[in-house]
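Data first, discussion second: the structure below is written as structure tokens.
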Amino acid sequence: MEHCAHCGDPCKEELIYLEKLPFCCNGCKTVYELLHENDLSYYYELEQTPGVSPREFEHKFDFLDNETIADKLLEFKDGHTSVVAFLIPSIHCSSCIWVLENLNKLQPAVQSSQVNFPEKTIRITFNSDRVHLKQLVKLLSRIGYEPYISLEDSDKKKRIINRSLIYKLAVAGFAFGNVMFLSFPEYFEVDGYWLERFAPVFRWLMFAYSIPVVFYAAQDYFISAFKGLRSRILNIDVPIALGILVLFVRSTIDIVLNWGTGFFDSLTGLVFFLLVGKFFQQKTYSYLSFERDYKSYFPIAVTRLAKDENENVYEEQVEVYEIKKGDRILVRNNELLPVDAILIRGNALIDYSFVTGESELVSRNSGDKLFAGGKQQAGVLEVEVLKPVEQSYLTQLWSNDVFDVDKHSAFQSFTDSISKRFTVAVLTIAFVATLFWMIYDPSKAFNVFTAVLIVACPCAIALSAPFTHGNLLRIFGRLRFYVKEALVVERMAGVDAVVFDKTGTLTSGSGSNMTYEGIALTNDEEELLTSTLRASNHPLSRSLYDMLKDHDIKTLDSFEEKAGKGITGSADDQFIKVGSYKFVSEGKGDENKLEESINRTAVHISSNNLYKGCYVFQNQYRDGLSELLKELSKEKKLVVLSGDNDGERERLMKLVPAGTAMYFNQKPEDKLNFIHEMQQNGSKVMMVGDGLNDAGALQQSDIGVAIAENVNIFSPACDAILDASKFDQLAQFFQLSKSGMRIIRWSFVLSLIYNVIGLGFAVTGNLAPVVAAILMPLSSISIVVFTTLATRYFGSRLIKNKNE
């Protein structure tokens, strides 16, 4: 079979040649011609078959004729210059970048275009007097790069990047370097007239450098410690803030009373290393959204039917938010219904899979109620709005209190859990040592008290978790498991139950398996079936047509499609019916077979009014599913929650380990309540899902993981996004998170050794600034090196085991 020279897809339905090159459709051929005519043929030299086949988009962008909507999409508009940014999911290679950044050759009104490849976005500056935004969008769609425009774009806010940590890190680093430089003469006890004369100046300079470090760079630690104490919680920031404060006060007293140079080098170094750890842990995937809701899925506008002064009906494009109860709107093929409505006219065949998880298409008649979130699959519908978008069934999913709670705020990290005992131990040692020296040598008591608090500051302990989690975030990211924040990695290690959605999570979105049950079709019947299916737009008909082997296409004498029921076709005195069992058998079939057909997806066939059999569609489960679930079941409870019917229960039971609980026909609120009940019984739950119907469950769970075939396209609000191709590695991610917790514990032991050594100097009154200047950075650096090497070792071992 020939493959398209533009997009690389097999030329199944039609084969078009141009300059001896094959194309799968006129769209691909047109793009090829367009690029060559505008001197952009280099596009095909960068990558082999880099293109994306353009889709039909008639009427799709009519809403851009509404200037109010179009203006909301613009980032900037001043006179004739406008700037717009679009998400373009089909960007995938260097050829895409090259052709999109040369848009000005296709449309001279484009002044510049810049692609952000990780975010899959393009930012275009254009002359709005010479080209309208709608024309620009159509141009992108014509060449296969259709923008993804949703309701979220109508009220998108400019992303605010918080750079305060970078500024604080810069201040602390600058001060640390200069204070260390000024401290060298004191370290090595260099004698010299000028050094001795200017020693006080050097010390006051160190004091000056330390002021912004303490009161600006370290302010977050003081704020966190204060909030913790106010809530009667001894978090890890309490001993850190105490250590910073004692270092600063003790050092200031030293230089004021001329006792010595103080510990300004240790102070600035401590804050610098702490901020480095915090910065390292702050690994983010800014091009991904972990907080999406229905707005990322709903259209930005719809076609509303209105009447003029003469009562003539006309179409107008309006923003979704302007729709009110009683309005009549049109929903075209493959468009999403954004509101609850009553069907007025048209053949409704609705796909609710993204909302309910039910994969079966739903047929509705005039007068039936339709719910928001369904996608029409058969022609144009006219519906009457029952509720505005904010009050629809789907948007009510986000009114649950669970979406207003920060589920990670109440989580106590492992570091915080030991901080209370650590703080109590340090204060006890400090007071006991001070009491001892108050009796034997009062002149040393103050120095001993402050020295204990200085050397016991948990810098190394505070660094172990950030650097371990930061390294794990990067390893996960390289393996296409994108975690929202470091705390999620630690919570993963404590998960003891995993709940899976079925449709789109355990099953693959790449297609279905098909088997035929019944009397074998003759060659003539197969040719007639293929020809009849080719004329239908029903999704199941198209899927079946794509799966069947190539047959000669006949010219049909007649063809009829009855929405929600089936299709008929005839040629050369042969008559075929394709569709539901009830339609094909004309209500005269076997009752048992009728009952059986309700609980599975099948296309039934009769030839010349004789029932022949059916093609049964079975979900295609993800590769490695059985092995993954078997591995997870060794340590975790497994549950399958599906909005689908139980038609595949028996098949699924063969794939999942014994004892796996399975529940079907689960509504979104049922999934949320089920997980809440598990948590009430003490379980730490991870929910793995893919659609809007899983949004509540993902939010309620301790860890919510969204499976995505394309991480840049819609995924519900979650704690992590897992690339679908890496689904079979979920067990390894659990193992790596547990390894991370072991590394943190080993780091604590290592830092404890340093603390014991330092306390030996401190309680005996022998902690000199040079000793503190050596011990504190040495402990911090060794922890950083240890956690980095250990996480890389476990990460490389995971990758190696997976590749074997």
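Annotations
- Which listed residue is farther than 25 Å from Ala170 by Cα and of a type in the set (Lys, Arg), from Arg197, Arg250, Arg203: Arg197
- The range 29-44 - residue that is aromatic (Phe, Trp, Tyr) and more than 15 Å from Arg142 (Cα to Cα) and, of those, least open to solvent (accessible area, probe 1.4 Å): Tyr43
- The condition (being open to solvent by less than 30 Å² (accessible area, probe 1.4 Å) and outside any helix (DSSP H, G or I)) is satisfied by just one residue among Asp623, Asp644: Asp644.
- Any hit, the range 655-662, residues being in a helix (DSSP H, G or I), loosely packed, with under 14 Cβ neighbours inside 10 Å and out of contact with any strand residue (DSSP E or B) (no Cβ under 8 Å at 6 or more places or on another chain): no
- If you filter the range 220-229 down to residues that are farther than 17 Å from Val424 by Cα and of a type outside the set (Phe, Trp, Tyr), you find that the one that is most open to solvent (accessible area, probe 1.4 Å) is Lys227.
- Residue in the range 186-198 that is at pLDDT below 70, buried (at least 18 other Cβ atoms within 10 Å of the Cβ) and of a type in the set (D, E, K, R) present: yes
- Residue in the range 710-726 that is hydrophobic (A, V, I, L, M, F, W, C) and modelled with pLDDT of 90 or more present: no
- A single member of Phe481, Phe422, Phe467 is open to solvent by 20 Å² or more (accessible area, probe 1.4 Å), under 29 Å from Trp746 (Cα atoms) and modelled with pLDDT of 75 or more, and it is Phe422.
The values are calculated or read from the model by the stated rules, or taken from the named source; none is laboratory data. Computed from a predicted structure; not experimentally measured. Please note: Cβ atoms are built from the backbone with ideal geometry, for glycine as well, and neighbour counts cover all protein chains shown. We work out accessible area using only protein heavy atoms, side chains counted, and drop any ligands, DNA or RNA first. Shrake-Rupley method; radii C 1.70, N 1.55, O 1.52, S 1.80 Å.
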